[in-house]
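Read-outs throughout are calculated quantities, based only on the coordinates presented, and are distinct from any laboratory measurement. Because the structure is predicted, anything quoted here is derived from the model rather than measured. Cβ coordinates were reconstructed from backbone atoms using ideal geometry, including for glycine residues, and neighbour counts include every protein chain displayed.
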Ligand code: C2E
Ligand code: MG
Ligand code: MG
Ligand code: MG
């Protein structure tokens, strides 16, 4: 960013504009390379989906998976979704990418874990074209994955755009039997009014509150208890994200989170890894 580049120049005592210009050029070159990579990947569907287990708070059973999108650069190095998803939104590529995610995830899960929950992240930008409902319907029809096992995760901040069209699409999804989860709960804006308005089925407590259990145990415990209470009053279930230790898992389960997710239970892995866990041995043997 420009301020950081400028600061760097000042702090290092160099006073020529060449340095500043060079660093800005480097930024622009990087962004251009990323844009090119993203456009090409979108055109060629050159992404991967990984699947992270969702685990029952009481018994630790895998109840489903969250699909997480993966993109690599030309050298095969991973590019974080936090970098390329916002860019895809900005470049108008997120509809095509989102369609690929929905098609691929439902097909994969229909084959290897039809009886478990599939959670898919949806960008709020995907509500703008008005195509989302048809994309989801087509994917469910083509794959045979049951709508009642599909959960769409939306982040709070995305819902800022307050339109009747978004409301209608959300109602339609709910009528289809699809569950709606509010992702990263506690980090965005206006959460209460949206929870009430759209009738979310699940709240995913943001990882930062789970992480904070270690550093500010009393405070974060109170926040989590309050979110669980809020959820139960409004008829919502609660997932805790970013569970990394057995101690966190035990506490979160006691506090009333019915689903847990995090590195303690498993990282996001390619589809063949989940197939190996979920497919009956006779199907695995057959190929
Ligand atoms: P998210 O939906 O909140 O997904 C959870 C993120 O936390 C994932 O990062 C996951 O790898 C990471 N995570 C899970 N457990 C742990 C843990 O115990 N510790 C830590 N430190 N991290 C954990 P990832 O895969 O980098 O995805 C980042 C975000 O990118 C996602 O956050 C989601 O908002 C977005 N995203 C990913 N895939 C898609 C997609 O297909 N479509 C859209 N629209 N967004 C996506
Ligand atoms: Mg998510
Ligand atoms: Mg999340
Ligand atoms: Mg998160």
Problem set entry | Estimated [θ] at 222 nm from DSSP helical runs (n ≥ 4, -39500 (n - 2.57)) normalised by residues in the chain, nearest 500 | -16500 deg cm²/dmol
Exercise. Relative contact order of the range 118-229: what whole-number percent is it, with Cα pairs under 8 angstrom and at least 6 residues apart?
Worked result: 23 percent
For this session: Return, ordered by residue number, the residues of the range 220-236 whose backbone nitrogen is under 14 Å from a label point located 7 Å along Cα→Cβ of residue 263.
Result: none
Exercise. What shape does the range 59-150 take by its C-alpha gyration tensor, where a ≥ b ≥ c are the square roots of the eigenvalues and a/c under 1.5 counts as rounded, a/b above b/c as prolate, and the rest as oblate?
Worked result: oblate
Seminar exercise, completed: By the Cα gyration tensor axes a ≥ b ≥ c (a/c under 1.5 gives rounded; else a/b larger than b/c gives prolate, otherwise oblate), the shape of the range 173-271 is oblate
Exercise. Roughly speaking, what is the stretch gain from residue 83 to residue 147, that is 0.36 nm per residue apart minus the C-alpha to C-alpha distance, in nm to one decimal?
Worked result: 20.0 nm
Problem set entry | the chain: antiparallel DSSP beta bridges as a percent of all, rounded to 5 | 40 percent
Seminar exercise, completed: If the label point sits 7 Å along Cα→Cβ of residue 96, residues of the range 45-71 with amide N under 11 Å come out as 45-46
Seminar exercise, completed: Relative contact order of the range 44-175 (C-alpha contacts under 8 Å, at least 6 apart) in percent is 22 percent
For this session: Multiply the residue separation of residue 35 and residue 163 by 0.36 nm, subtract the distance between their alpha-carbon atoms, and state the gained length in nm to one decimal.
Result: 43.1 nm
Exercise. With the contact rule set at Cα under 8 Å and sequence spacing of 6 or more, what percent relative contact order holds for the chain?
Worked result: 17 percent
For this session: List the residues of the range 36-79 whose backbone N lies under 17 Å from a point placed 7 Å from the Cα of residue 254 along the Cα-to-Cβ direction.
Result: 57-60
For this session: Would you mind getting me the FRET efficiency between residue 74 and residue 138? Use the beta-carbon distance for r and R0 = 30 Å, nearest 0.05.
Result: 0.40
Exercise. How much of the DSSP beta bridge set in the range 17-161 is antiparallel, as a percent to the nearest 5?
Worked result: 55 percent
Problem set entry | Label-point separation in nm, residue 174 to residue 218, each point 7 Å along Cα→Cβ | 3.9 nm
